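Asker: Below you will find the structure I want to go over with you.
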Amino acid sequence: MLDFLAPALAQPGLGWVTCITIIAGIVYGFAGFGAALIFMPVATIFWVPELAVASFSVSALASLVTLVPRAWPQMDRPSVLTMIAFSVLGAPIGIYLLRTSDVTHIRWAVLIVAAITLAALMSGWRQKLSSLRSTQAGIGVATGFIGGATGLLGPVMLLFQLSGSEPVARVRANSLVFLTISSLLLLPSMALQGILTTEAIILGVILLIPYGIGAKLGQAIFIPRFEVFYRNIAYAIIAAAILMGLPLWD
């Protein structure tokens, strides 16, 4: 009766991917970013990128319950909802590239985007951007495109958020809500393009539990006055994930 679970449970590296999912959830819980930057480089060692992106998007359901309720009242609602709406427009093009491109090319794209993002964050790079709706719309489209192609929704939006002068709590809330809801809104486009398979859904549901537990734990241990410390921990874990994911080790 449970034969339909067999292909998902037989996926290579499921134990390793589950472990990295817990770590990604913890970092996402205390830093408000970094989950995909940690998950995607490692998951694509074992799984084809389409499966990794689709299953991770399903697992975002966990954050909808564990993190979003607390973050929702703290976010800049007009800005975040504008970016979410426009991310939906960019996502189908990115998903098409994910579906039609060579696996190795996508893996390198994931690592390059992650490495550039990490370097920008660690260097303290800031580019002051306009808070106009047109700018937010452009950020949303770019985020949806890159997220659809690589599973990395965070980089563009995160660097945009850090370019402002908003309090840490609001930046963190903006990121949490945007990344969670945008991940979920990728699912219809994935379904239409045929990569949201039964196997991806089952794996996403399996990963939902460890991801949710990790996110809740990360949120519980977060202390605002130590925000820099948590951010540095996130940087170190992201760097380790990028190095692990290099196709050179294959």
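Asker: Where in the chain are the helices, taken as whole DSSP H runs, whose Cα atoms extend 20 angstrom or more along the long axis and whose Kyte-Doolittle mean reaches at least 0.5?
Answerer: Values: long enough: 14-31 (25 Å, 1.91); 77-100 (35 Å, 1.17); 103-123 (30 Å, 1.79); 133-150 (25 Å, 0.47); 168-192 (37 Å, 1.43); 198-221 (35 Å, 1.49); 227-244 (26 Å, 1.42).
Correct list, ordered by number: 14-31, 77-100, 103-123, 168-192, 198-221, 227-244.
Asker: Oh, and also: Taking the Cα-to-Cβ direction at residue 232 and at residue 11 and moving 7 Å from each Cα, how far apart do the two end points lie in nm?
Answerer: In this crude label model, residue 232 to residue 11 measures out at 3.5 nm.
Asker: If a paramagnetic tag sat 7 Å from the Cα of residue 222 along the Cα-Cβ line, which residues of the range 18-61 would have the backbone N under 13 Å from that point?
Answerer: Under 13 Å, as judged by backbone N against the label point of residue 222, lie 25-35 of the range 18-61.
Asker: Now for a different question. Could you put 95, 213, 206 in order, starting from the residue whose Cβ has the fewest other Cβ atoms within 10 Å? Don't skip to the answer; put the middle values down first.
Answerer: Values: 95 26, 213 17, 206 21.
Final ranking by Cβ density, sparse to dense: 213, 206, 95.
Asker: On the first, second and third principal axes, largest extent first, how far apart are the outermost C-alpha atoms of the range 194-241 in Å?
Answerer: Principal-axis extents of the Cα atoms in the range 194-241, largest first: 43, 23, 15 Å.
Asker: Right, here's the next one. Which chymotrypsin sites (Phe, Trp or Tyr not before Pro) does the range 1-46 hold that lie in a coil by DSSP with at most 14 other beta carbons within 10 Å?
Answerer: Values: sites: 4, 16, 28, 30, 33, 39, 46; in loops: 33.
Filter output for the range 1-46: empty list.
Asker: May I ask for the longest run of the chain untouched by trypsin sites (Lys or Arg not before Pro) that are loop-located per DSSP and have at most 13 neighbouring C-beta atoms (other than their own) within 10 Å? Show your work: numbers first, answer last.
Answerer: On the way: sites that count: 126, 128.
My reading of the result: 1-125 is the longest stretch.
Asker: Further question on the same structure: Please compute one quarter of the surface area of the Cα convex hull for the chain and express it in square nanometres.
Answerer: Working: hull surface 50.0 nm².
Averaged projected hull area, Cα only: 12.5 nm².
Asker: Go ahead and run the numbers for FRET between residue 193 and residue 46, Cβ-Cβ distance against an R0 of 25 Å, rounding to 0.05. Could you put the intermediate results ahead of the total?
Answerer: On the way: r = 22 Å, r/R0 = 0.89.
Efficiency computed from Cβ-Cβ geometry: 0.65.
Taken together, the values in this text are just the output of simple stated rules run on the coordinates, not laboratory data. All figures in this text were calculated on a predicted structure; none of them were measured in a lab. Ideal geometry is used to build each Cβ from the backbone, glycine not excepted, and the neighbour counts take in all protein chains shown.
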